[in-house]
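The values are calculated or read from the model by the stated rules, or taken from the named source; none is laboratory data. From a predicted model like this one, the values you see are computed outputs, not experimental measurements. Note: ideal-geometry Cβ built from the backbone for every residue, glycine included; neighbour counts use all protein chains shown. Side chains are part of the model used for accessible areas, which takes the heavy atoms of the whole protein and leaves out ligands, DNA and RNA. Shrake-Rupley method; radii C 1.70, N 1.55, O 1.52, S 1.80 Å.
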Amino acid sequence: MAEQLDPAPCDPAPYDALLLLSFGGPEGPDDVVPFLENVTRGRGIPKERLKEVGRHYFLFGGVSPINDQNRALLEALRKDFTGAGLELPVYWGNRNWTPYLTDTLREMVLDGRRRVAVLATSAYASYSGCRQYRENLADALSVLEAEGLPLPRVDKLRHYFNHPGFVGPMVEGVLKSLADLPAEVRAGAHLAFTTHSIPDAAADASGPVAEHGEGGAYVKQHLDVARLIARAVREETGTEHPWQLVYQSRSGAPHIPWLEPDICDHLEALHGAGVPAVVMVPIGFVSDHMEVLYDLDTEAAAKAAEQGLPVRRSATVGADPRFAAAVRELVLERAATERGAVVERCALGALGPSHDLCPIGCCPARSERPAAAGADSPYA
């Protein structure tokens, strides 16, 4: 952790709990359609269409890996906190499946928790990766308020895309993937940094208003991470591997522009250009959930095999101890700031550390909905 001017560097006060806030996923075939109904609520999508959309899950027995990965991260966080002498309980709640966020917040309140730091399993600025989680927090708080329960204050931790504890494990993953390629194609391998495609309009409006424009903060942040990893790989191997930021997992209507190029189209183009091998680097994902296992390990891998193009997919951060340590640093950094201490924040690359409090106009909502843990929060 960077040096900080704080007399109590391992004091979590004013926080009395950490909430791991994630997306959620089905844990059996019978869960798939109800889960997708939660994800798409309000869009009027017929159940038969949801069954078709859920085919990716059925290929894996109806089980998304994300919940087990969150359980592993919970264990890693608790182990790290205990080893560092940080006494802070860690809870877990999901947006779309059990354990549901509202139920977890209710449990926290009944346990006496009143000031909660929130870690979302999304490292970058975007509506779906930040603002929507803040809306979910506001929705949950409104339910507790209606039940007459005391409301905890919730503070979302800053974006961690450029924290060394997030970047370092991904660098290591790329190095391992390159080493796993046949020696004759290794030096010429390209790096395809992948993240979730989102509508162009959502990307352009991501981040604070000052960062709005083509691609917004969403694209800027991913490009910064890609540069960091590519540079670290070059320094480690002595080889300059060409790279590009590409996208995956598009789910919108065909007439709405989304970020491109798609990973499968990119692999086909690289093969056509004579590129000997590719390492796919899923920098936009914290763990190996369904969009990694299907869209990369299944669909993109099949496209590469069809082309005769050797590919490897590098690891996500998951429950890496370095990431758990980074979360601890983020909690203590925010706690010290809330106590009025001066803290030097840890961040790599050109963009520096992100804001603590999302400003008004940051990743604006698709419709007017209250959002917690921001400058426009109705829950101070």
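Of the residues screened, GLU145 is one that is in a helix (DSSP H, G or I) and open to solvent by 50 Å² or more (accessible area, probe 1.4 Å).
Restricting segment 116-142 to residues that are among the charged types (D, E, K, R) and open to solvent by 10 Å² or more (accessible area, probe 1.4 Å) leaves a set whose member that is farthest from ALA380 (Cα to Cα) is ARG131.
Pairs meeting the criteria (first residue in segment 264-282 and part of a strand (DSSP E or B), second residue open to solvent by 60 Å² or more (accessible area, probe 1.4 Å), beta carbons under 8 Å, at least 6 apart or on different chains) are VAL278/ARG312; VAL279/ARG312; MET280/ARG312.
Residue-by-condition table, conditions (1) in contact with a Cys (Cβ under 9 Å, 6 or more places away or on another chain); (2) among the hydroxyl-bearing types (Ser, Thr, Tyr):
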site	(1), (2)
THR98	no, yes
THR104	no, yes
VAL109	no, no
LEU119	no, no
SER126	yes, yes
ARG134	yes, no
GLU145	no, no
LEU149	no, no
TYR160	no, yes
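Looking across segment 283-300, the residues that are part of a helix (DSSP H, G or I) and open to solvent by 30 Å² or more (accessible area, probe 1.4 Å) come down to GLU291, LEU293, ASP297, THR298, GLU299. Output the residues belonging to segment 161-185 that are over 20 Å from the mean Cα position of the chain (by Cα) and either surrounded by 19 or more Cβ atoms within 10 Å (Cβ to Cβ) or among the acidic types (Asp, Glu) (or both). Answer for segment 161-185, where residues must be over 20 Å from the mean Cα position of the chain (by Cα) and either surrounded by 19 or more Cβ atoms within 10 Å (Cβ to Cβ) or among the acidic types (Asp, Glu) (or both): SER177, LEU178, ASP180, LEU181, GLU184. Applying a threshold of 8 Å to beta carbon distances and a minimum spacing of six or more residues, or different chains, the list of pairs starting in segment 231-251 at a residue that is on the phi > 0 side of the Ramachandran plot and open to solvent by less than 40 Å² (accessible area, probe 1.4 Å) and ending at one that is of a type outside the set (A, V, I, L, M) and outside any helix (DSSP H, G or I) reads SER249/HIS196; SER249/SER197.
For (1) aliphatic (A, V, I, L, M); (2) within 22 Å of LEU88 (Cα to Cα); (3) touching a residue at least 60 places away in the same chain (Cβ under 8 Å), each residue gets a yes or a no:
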site	(1), (2), (3)
LEU110	yes, yes, no
ARG114	no, yes, yes
VAL118	yes, yes, yes
THR121	no, yes, yes
SER126	no, no, yes
GLU135	no, no, yes
ALA138	yes, no, yes
ASP155	no, yes, yes
HIS159	no, yes, yes
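Hand me the list of helices (runs of 4 or more DSSP H) wholly inside segment 1-99 holding 3 or more residues that are open to solvent by less than 50 Å² (accessible area, probe 1.4 Å). Before the answer, list the steps.
Details: elements: 32-39, 47-53, 55-58, 66-84.
Once the helices (runs of 4 or more DSSP H) in segment 1-99 are filtered for at least 3 residues that are open to solvent by less than 50 Å² (accessible area, probe 1.4 Å), what remains is 32-39, 66-84.
Among the residues of segment 360-372, how many are within 15 Å of PRO208 (Cβ to Cβ) and either surrounded by 14 or more Cβ atoms within 10 Å (Cβ to Cβ) or in contact with a Ser or Thr (Cβ under 7 Å, 6 or more places away or on another chain) (or both)?
Our first condition is that a residue be within 15 Å of PRO208 (Cβ to Cβ); within segment 360-372, this holds for 360-365, 371.
Of the ones still in play, those that are also either surrounded by 14 or more Cβ atoms within 10 Å (Cβ to Cβ) or in contact with a Ser or Thr (Cβ under 7 Å, 6 or more places away or on another chain) (or both) are 361-365, 371.
Residues in segment 360-372 being within 15 Å of PRO208 (Cβ to Cβ) and either surrounded by 14 or more Cβ atoms within 10 Å (Cβ to Cβ) or in contact with a Ser or Thr (Cβ under 7 Å, 6 or more places away or on another chain) (or both): 6 in total.
Restricting attention to segment 324-335, does a residue exist that is among the β-branched types (Val, Ile, Thr) and either assigned to a helix (DSSP H, G or I) or at pLDDT 95 or above (or both)? Quick ask: steps written out before the conclusion?
Restricting attention to segment 324-335, the residues satisfying the condition of being among the β-branched types (Val, Ile, Thr) are 327, 331.
After this cut, where a residue has to be either assigned to a helix (DSSP H, G or I) or at pLDDT 95 or above (or both) as well, the list is 327, 331.
Yes, because at least one residue in segment 324-335 is among the β-branched types (Val, Ile, Thr) and either assigned to a helix (DSSP H, G or I) or at pLDDT 95 or above (or both).
So that you can scan it fast, the table gives a plain yes or no per residue for (1) hydrophobic (A, V, I, L, M, F, W, C); (2) touching a helix residue (DSSP H, G or I) at 6+ places or on another chain (Cβ under 9 Å); (3) at pLDDT 95 or above; (4) more than 10 Å from SER314 (Cα to Cα):
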site	(1), (2), (3), (4)
VAL167	yes, yes, yes, yes
LEU175	yes, yes, yes, no
PRO182	no, no, yes, yes
HIS190	no, yes, yes, yes
ALA202	yes, yes, yes, yes
ALA205	yes, yes, yes, yes
GLU211	no, yes, yes, yes
